[in-house]
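The values are calculated or read from the model by the stated rules, or taken from the named source; none is laboratory data. Since this is a predicted model, take the numbers as computed values, not measurements. All Cβ positions, even for glycine, are placed from backbone atoms using ideal geometry, and neighbour counts span all protein chains on display.
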Amino acid sequence: GAVVSQHPSRVICKSGTSVKIECRSLDFQATTMFWYRQFPKQSLMLMATSNEGSKATYEQGVEKDKFLINHASLTLSTLTVTSAHPEDSSFYICSAASGATDTQYFGPGTRLTVL
Amino acid sequence: GNSVTQMEGPVTLSEEAFLTINCTYTATGYPSLFWYVQYPGEGLQLLLKATKADDKGSNKGFEATYRKETTSFHLEKGSVQVSDSAVYFCALYYGGSQGNLIFGKGTKLSVKP
């Protein structure tokens, strides 16, 4: 149980285009979803926290207009990187939690490369 | 503030060797503590957790004990395998239902046959 999927697993796009990454909880209802960014050989940096049906809460320094997060249902959250640039290239990982819990379940990650 | 410090890697061991990866934390209150494992090219998987002092989390031969007196949560395994090669992250959780995970920088483990 507690499986989280992400799609796509890998995406390459041209600079200036937008890319959407999906995060799905497959066998549980995710009241809260988290989006992280991981740079090579470094730890995870929390970008934003989203609750179903409400606006995401962004961490300091994360541009909300650039990284659009939508949590439209209890099983789906999307991250859209708008007008992507090479510096946005990174590994993006989502996680999901159900209810008042300290445990997050992580997706397999999406490798974004912006040319 | 809240933070996690774990030993820097990489750690290279021979198969069947004993593993210890040190992790210490700074936190207000009583956080939950976690070890996550990341295999190459994949996301994080929960390895084990402990929610209060003196709790021992265990899974797949790995163990870690929540030591409040030393603010530590060291990861141990008695006999590592090649398949244990991965990056291990220590993390703490604070803040209730809207809380966040704070991760250490990760420790890369390589196990040689």
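Looking only at strands (runs of 3 or more DSSP E) that fall completely inside region B:26-72, which ones have 2 or more residues that are more than 13 Å from the chain's Cα centre (by Cα)?
Once the strands (runs of 3 or more DSSP E) in region B:26-72 are filtered for at least 2 residues that are more than 13 Å from the chain's Cα centre (by Cα), nothing remains.
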### Query
For region A:74-110, how many residues are within 14 Å of another protein chain (Cβ to nearest Cβ) and in contact with a Cys (Cβ under 6 Å, 6 or more places away or on another chain)?
2
### Task
Just one of (1) part of a loop (DSSP other than H, G, I, E, B); (2) away from chain B (no Cβ under 14 Å) trips up A:V11, so point out which.
(1)
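The rows are residues; the columns are (1) over 29 Å from A:R10 (Cα atoms); (2) among the hydrophobic types (A, V, I, L, M, F, W, C); (3) in contact with a strand residue (DSSP E or B) (Cβ under 8 Å, 6 or more places away or on another chain); (4) touching a residue at least 40 places away in the same chain (Cβ under 8 Å).
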position	(1), (2), (3), (4)
B:G1	yes, no, yes, no
B:S14	yes, no, yes, yes
B:T20	yes, no, yes, yes
B:Q38	no, no, yes, yes
B:S72	yes, no, yes, yes
B:V80	yes, yes, yes, yes
#### Entry: Pick from region A:14-23, criterion in a strand (DSSP E or B) and among the charged types (D, E, K, R), ranking: nearest to the other protein chains (Cβ to nearest Cβ)
A:E22
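Kindly indicate whether any position in region A:24-46 is part of a strand (DSSP E or B), surrounded by 14 or more Cβ atoms within 10 Å (Cβ to Cβ) and touching an Asp or Glu at 6+ places or on another chain (Cβ under 6 Å).
yes
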### Query
Taking B:S32, is it touching a residue at least 60 places away in the same chain (Cβ under 8 Å) and within 11 Å of another protein chain (Cβ to nearest Cβ)?
yes
### Query
Which members of region B:6-25 meet the condition of being in a strand (DSSP E or B), over 15 Å from the mean Cα position of the chain (by Cα) and among the hydrophobic types (A, V, I, L, M, F, W, C)?
B:L13
### Query
Which residue, of B:K52, B:K56, B:K105, B:K68, is among the charged types (D, E, K, R) and modelled with pLDDT of 95 or more?
B:K56
### Task
Tell me which residues, restricted to region B:73-84, are of a type outside the set (V, I, T) and not in a loop (DSSP other than H, G, I, E, B).
B:L75, B:E76, B:K77, B:S83, B:D84
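Given the criterion within 14 Å of chain A (Cβ to nearest Cβ) and either polar (S, T, N, Q) or surrounded by fewer than 20 Cβ atoms within 10 Å (Cβ to Cβ) (or both), identify the matching residue among B:Q81, B:Q38.
Being within 14 Å of chain A (Cβ to nearest Cβ) and either polar (S, T, N, Q) or surrounded by fewer than 20 Cβ atoms within 10 Å (Cβ to Cβ) (or both) holds for just one of B:Q81, B:Q38, which is B:Q38.
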### Task
Mind counting the residues in region A:56-73 that are away from chain B (no Cβ under 12 Å) and of a type in the set (V, I, T)?
2
### Query
Which of (1) touching an Asp or Glu at 6+ places or on another chain (Cβ under 9 Å); (2) in a loop (DSSP other than H, G, I, E, B); (3) crowded, with 17+ Cβ neighbours inside 10 Å is the odd one out, the single condition A:A2 does not satisfy?
(3)
